[in-house]
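> The structure that follows is given in the form of structure tokens.
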Amino acid sequence: MQSIRKRLSILFVACSIASILLVTIFVNITINNKFNQYMENIQDKRYDRIVSYFAEAYKKDGKWNHDTGIELMHEAYMGNYCLTLKDDDKKVVWGMNPEELTTREHLSSMFMQENGVYNTKDFEIKSDGKVVGYVEVGQYSSVLLSEEDVNFKTSINKSLVASGALTLIITVILSLYYSKQFSNPIREVANMSVNLSQGNFDTKSSTESNIEELDNLRKSINILAEKLKYQDSLRKKLVSDISHEIRTPLNVLQNNLEAMIDGVFPVTTERLNHLNEEVIRFGRLINNLNVLKEFESESIKLIYEKIRLDQFITDICKDFYMAAENKSIKLEYYIEPDVDYAITGDKDKLKQVFINLLSNSLKFTPKNGTIIINLYADNHTIVAEVKDNGVGINKQDLPFIFERLYRGDKSRNQIEGTGIGLTIVKNIIDLHNAKIDVDSTEGKGTTVKIYFDKNRNN
């Protein structure tokens with residue numbers, strides 16, 4: 001980072017020197033490379049045309065003779081290359097004399113630069129898929145240049161020298177103008193602050209600066225914009241999600257009660273029980289929101305104690321055997337032997353984690369499915385794994401499963417739930433400084449892994 005005063009002093013000197021170098025080097029390299037590529041493409045097309053011409057000539061006459069393709073000799077001479085026609089045994093039918101090329105005025109300079117090296121390339125001539133002869137193309141330069149081409153390259157080099165001098169003068173003038181550019185970051189930040197005050201939180205300053213004061217200002221205003229945008233998004237999403245989840249049971253209650261009042265539906269015990277279930281579901285949603293609120297406000301307090309995960313998971317699995325049996329789901333667990341599974345944590349909260357995970361597996365695993373709980377150690381980590389072969393989770397939904405009230409594709413929405421369980425699970429896991437990872441394939445099942453640090457003491 002540099003101060004504004006120091007940066008201004010360096011800018012005026014550096015612009016004058018750097019601009020002339022950049023223009024001269026980059027323009028020269030770019031033009032020469034593009035020009036050479038262009039000439040090579042033309043040369044390759046010329047080779048193809050020559051071979052095609054001889055192939056057609058052979059096809060027409062059925063043999064080689066001293067007049068075959070002789071009309072190309074003049075074109076070759078004007079193009080600064082030599083042609084030699086050979087039969088399929090590589091015996092010369094006719095050929096041009098390379099020494100005649102060196103007498104041409106515009107080629108003499110190339111002849112000296114290339115040290116008089118004469119290069120040749122042989123190309124096969126085919127007729128009906130069979131090699132019937134060869135054409136040898138010889139030249140003194142790697143790229144064939146006509147007199148016009150040589151003049152063009154010379155004029156470009158002269159132009160570069162002139163433009164370099166002109167650029168140096170212009171750069172000195174522009175350096176004074178560029179000093180005004182230092183005000184651009186400040187102006188951008190000022191406009192950004194106005195947008196933020198008007199509630200437009202998507203604005204962002206992307207103009208970076210090497211000046212310490214300006215860059216710190218830019219970073220600070222960007223951080224402020226991100227925080228305001230996040231808080232606004234959080235507020236809108238929370239209102240939307242809660243209203244969506246609350247609307248469903250309320251609509252069911254309202255429609256059924258209105259139908260009963262109007263006499264459309266008779267008041268029966270069955271209908272009242274159904275309405276009571278909606279009230280219970282509504283109450284469960286409110287309770288879960290209260291629990292989530294405690295976690296996010298960090299007002300929840302954990303009661304730490306020593307927990308042996310092997311016995312802990314065994315007891316939880318026993319509680320789910322009956323529920324799994326009622327759905328004809330096979331519930332198994334495997335605990336790796338000879339491992340110390342002792343950790344420190346809140347027993348009730350961790351029990352809530354595994355109950356949520358097993359409940360989800362039971363909900364989304366069809367009849368005759370399988371749920372497997374594995375417990376094992378990996379280096380300094382204890383891994384608890386809950387695996388099922390249920391409906392799985394769509395790849396597009398997988399990154400959002402821990403968000404509040406998020407529910408994925410339609411097949412999962414058809415199953416009752418509030419979309420808060422996994423959010424609570426994630427919060428509990430984070431409070432225990434553990435990690436949770438979910439791997440799922442739609443239609444094949446889901447695997448949830450929880451990683452506990454067995455060396456951690458709370």
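The values are calculated or read from the model by the stated rules, or taken from the named source; none is laboratory data. Worth saying up front: this structure is predicted, and the values here are computed from it rather than measured. Neighbour counts run over all protein chains shown; Cβ positions are idealised from the backbone, glycine included.
> Select, from ILE335, ILE343, ILE372, ILE355, the only residue that is surrounded by 18 or more Cβ atoms within 10 Å (Cβ to Cβ) and within 40 Å of the chain's Cα centre (by Cα).
Result of the check over ILE335, ILE343, ILE372, ILE355: ILE343.
> Here is a further query. Being modelled with pLDDT of 75 or more, among the aliphatic types (A, V, I, L, M) and within 16 Å of ASN36 (Cβ to Cβ) is the filter; apply it to region 141-170 and report the residue that is surrounded by the fewest Cβ atoms within 10 Å (Cβ to Cβ).
ILE156
> Can LYS435 be described as more than 29 Å from PHE282 (Cβ to Cβ), modelled with pLDDT of 90 or more, surrounded by 17 or more Cβ atoms within 10 Å (Cβ to Cβ) and among the charged types (D, E, K, R)?
No.
Yes or no, residue by residue, for (1) assigned to a loop (DSSP other than H, G, I, E, B); (2) at pLDDT below 85; (3) not assigned by TED's automatic domain parsing to the domain that holds GLY164:
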| position | (1), (2), (3) |
| --- | --- |
| PHE26 | no, yes, no |
| ILE29 | no, yes, no |
| VAL51 | no, no, no |
| ASN65 | yes, yes, no |
| GLY69 | yes, yes, no |
| GLU99 | no, yes, no |
| ASP122 | no, no, no |
| ILE125 | no, no, no |
| VAL131 | no, no, no |
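> Which residue, of LYS6, LYS60, is of a type in the set (Lys, Arg), farther than 23 Å from ALA165 by Cα and either more than 55 Å from the chain's Cα centre (by Cα) or modelled with pLDDT of 80 or more (or both)? Before the answer, list the steps.
On the way: LYS6 fails: either more than 55 Å from the chain's Cα centre (by Cα) or modelled with pLDDT of 80 or more (or both).
Matching residue, one of LYS6, LYS60: LYS60.
> In this structure, does SER299 turn out to be at pLDDT 90 or above and outside any helix (DSSP H, G or I)?
Criteria not met by SER299.
> Just a yes or no: is a residue in region 377-391 modelled with pLDDT of 90 or more, touching a helix residue (DSSP H, G or I) at 6+ places or on another chain (Cβ under 6 Å), in a strand (DSSP E or B) and among the charged types (D, E, K, R)?
Yes, the conditions are met somewhere in region 377-391.
> In the list SER193, SER240, SER220, which residue meets the criterion of being small (Gly, Ala, Ser) and modelled with pLDDT under 80?
The conditions single out SER240.
> Is there a residue in region 322-330 that is surrounded by 15 or more Cβ atoms within 10 Å (Cβ to Cβ) and assigned to a strand (DSSP E or B)?
No, region 322-330 contains no residue that is surrounded by 15 or more Cβ atoms within 10 Å (Cβ to Cβ) and assigned to a strand (DSSP E or B).
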